[in-house]
Every structure is written in C-alpha cells, then in structure tokens.
Amino acid sequence: MGSGMMFTWIQITDHHLPASEAQLTRGYSPWHAFRAVMRHIAAHHADVDFIVSTGDLVDGGTDAEYQHLREALGIRETSAPPGPQRVNFVETLQSPSDAQRRDATSIRDMPMYFLPGNHDTRDNFFRNMFPSSDLRALNVAFMHKGVQFVCVDWGAANKAVPSQGMFDFLARALQSDAPSIILTHHHVTPAGMAYVDSFLADELDEFARLIAGRSVLAIFNGHTHATFEGELAGVPVFGLRSTMFSFAFEDGKLLAVLRPPHYRVVTVDDEKVSTKIVEAPL
C-alpha cells in the first residue's frame, strides 16, 4: 500500500448454530457461546471496520438455521457474496434498581462477511444468506482500503477439495497489484492433530505454487476448531478456535474440549499484518 493506511477487523469461525437456541450439542450450547463472543466484541472491539466468519455458520445447513441466524444478527438486507451485510446485535439487561431496560452491549450496522464451511450446504447457504446470487461456490474477492480479500472455497466435505474453478480464480485474483489476504474455511497447513490434518487438501502443492512470490500478506482459516499459526510458501497462516467447542488430540483420540471460544483481532498497517487472540468468557 505504501500510504500508511491502517485498519482493524475481526475473524470468528465455526459456530455450528442449530435452529433452536435451546438445542445442545454434546451438552454444549452453541448459541450461548456465539452470543458470548458477539457480546465481548460489542463491549471491547465495536470500532473495528468489519467482522468475517470463516464458515460453518450453522450445523445442519437447514433453512431454519440460517433464518434464525439472520434474525439473531438483525440482518434485513441482502448483498452479493460474501457481503458485507449489516449486523445489529443488541442485548438488554433488566436493571434491578429501577426495572428500566437498558442496552447492555450492542453492535449496530457492523459490516460482516460470511464464508461457507463444510457444514454449510451450498444451495441453502446461498439461498438464505445471498438469495440474489447464482454462485455454486464462494470464490470471490472484495477490496477494503487498498487490500484485496480473496475468499476460496474448498467444498462442503470434511476433506478439502478445490471447488470448480477455484485455482483459476485464485491465479487471476493474485495478478492484482493490491496486497492480498486469503480467507478460507479449510486449513492449508497442519494444525498438529493427526485426524484433523487428514482433511488437508491433496492439492496443497498447487495452492502453494499459486501464492508463492505473490503479494499475499496472510491466510486466515477455520475448520480445525483450534488456534494455531503456520506458514505456507512463505505466507503466514492463522487458524482459529471455534465459537463451538474446541478439539484436542490425545492418545490417538480426537476429543471435544470445553474451552472459552476465541476471536482474532487483525490489524493491517501499511502491508504489515499483526493479530491478537481474544478469549471470550462463557
């Protein structure tokens, strides 16, 4: 960029939200955890430029789940994928002293971008989140303050498989003179858990070839439910803990672990990327 332009945005990921807020998954409340994260963002980082969810918005990929998510986030508009759509998250508390309701935390008209994950059935994802779109995979880019955000879609299976046209799209996008940040649901470097890492794409060498030597500042992914850092073709890669329960790998077994969810605060300052992990208490 060279202009000293600085901005900050937030990544959240892997919410696995059911249609009912009362529904539990393995005894865990996805909606309670998601609301705790949004509440924490509202209280501490409501001044960021935008929020990105890197997929697995809902758990079963049903219309009812997406519609409840839109309602909970106060989304009334539509847009081209991946957004932004304006999010309004307001919670009120009952004051014990005067019984007056007041805003406890709020996010108002926050731009938010949505990527699909492997739990997001593509037809239902696009029909509910981006009804005017005829896309079958989310290989798109958007610009923000001189930085190109490149979204790539590795498909709707646990194991990453490049969606039709993904590599051609990525090659074209990275011909841009703008510095780029790549957003993806599936991870592209090992997370350190053998079972999870078996889902890495067989075509990662081609992906690495396409990003090598290009002006790619960083790659941000979800899918692993774990926070980690890696590198691919000289590009830093950042994974993120889910707002759902996280995973641990011990004695050859993948375990669902109760930990506070994470979100990542990312600052871009003159082609330098710095990140901070924030833990949201449950």
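Quick one: how many residues across the range 195-228 are of a type outside the set (A, V, I, L, M, F, W, C) and within 15 Å of Thr13 (Cβ to Cβ)?
6
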Seminar exercise, completed: Only one of (1) closer than 22 Å to Glu21 by Cα; (2) touching a strand residue (DSSP E or B) at 6+ places or on another chain (Cβ under 9 Å); (3) modelled with pLDDT of 95 or more does not apply to Ala104, and that is (3)
Problem set entry | Residue in the range 176-184 that is open to solvent by 20 Å² or more (accessible area, probe 1.4 Å), among the small types (Gly, Ala, Ser), part of a loop (DSSP other than H, G, I, E, B) and touching a helix residue (DSSP H, G or I) at 6+ places or on another chain (Cβ under 8 Å) present | no
For this session: Taking Arg86 as meeting all but one of (1) in a loop (DSSP other than H, G, I, E, B); (2) modelled with pLDDT of 95 or more, write down the number of the exception.
Result: (1)
For this session: Filter the range 33-49 down to the residues that are open to solvent by less than 10 Å² (accessible area, probe 1.4 Å), among the aliphatic types (A, V, I, L, M) and in contact with a strand residue (DSSP E or B) (Cβ under 8 Å, 6 or more places away or on another chain), then identify the one that is farthest from His225 (Cα to Cα).
Result: Ile41
Exercise. Within the set of pairs 6 or more residues apart or between chains, which connect a residue that is part of a loop (DSSP other than H, G, I, E, B) inside the range 10-38 to a residue that is among the hydrophobic types (A, V, I, L, M, F, W, C) and open to solvent by less than 30 Å² (accessible area, probe 1.4 Å) with Cβ atoms less than 6 Å apart?
Worked result: Thr13/Leu240; Asp14/Met244; His15/Phe34; His15/Leu57; His16/Met244; Glu21/Trp31
Exercise. When the residues of the range 237-265 are filtered to those that are assigned to a loop (DSSP other than H, G, I, E, B) and hydroxyl-bearing (Ser, Thr, Tyr), which remaining residue is farthest from Ala191 (Cα to Cα)?
Worked result: Thr243
For this session: Would you check which residues across the range 221-250 are closer than 17 Å to His16 by Cα and of a type in the set (D, E, K, R) and list them?
Result: Arg241
Exercise. Does the range 225-236 contain at least one residue that is of a type outside the set (Asp, Glu), touching a residue at least 12 places away in the same chain (Cβ under 8 Å), farther than 30 Å from Arg39 by Cβ and assigned to a loop (DSSP other than H, G, I, E, B)?
Worked result: yes
Exercise. Taking the range 4-32 as the search range and keeping residues that are of a type in the set (Phe, Trp, Tyr) and more than 16 Å from Ala280 (Cβ to Cβ), which one is surrounded by the most Cβ atoms within 10 Å (Cβ to Cβ)?
Worked result: Trp9
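Condition check ((1) among the hydrophobic types (A, V, I, L, M, F, W, C); (2) open to solvent by 60 Å² or more (accessible area, probe 1.4 Å)) across all residues:
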site	(1), (2)
Asp59	no, no
Asp63	no, yes
Leu73	yes, no
Glu77	no, yes
Gly83	no, no
For this session: Taking the options Phe245, Phe249, name whichever one is modelled with pLDDT under 95 and crowded, with 21+ Cβ neighbours inside 10 Å.
Result: Phe245
Exercise. Among Val196, Val278, which is the only one that is part of a strand (DSSP E or B), surrounded by 15 or more Cβ atoms within 10 Å (Cβ to Cβ) and touching a residue at least 40 places away in the same chain (Cβ under 8 Å)?
Worked result: Val278
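The values are calculated or read from the model by the stated rules, or taken from the named source; none is laboratory data. Bear in mind the structure is a predicted one, so any value in this text is a computation, not a measurement. Counting neighbours? That spans all protein chains shown, and the Cβs are built from the backbone with ideal geometry, glycine included. Note: accessible area is taken over every heavy atom of the protein model, side chains too, but ligands, DNA and RNA are not part of it. Shrake-Rupley method; radii C 1.70, N 1.55, O 1.52, S 1.80 Å.
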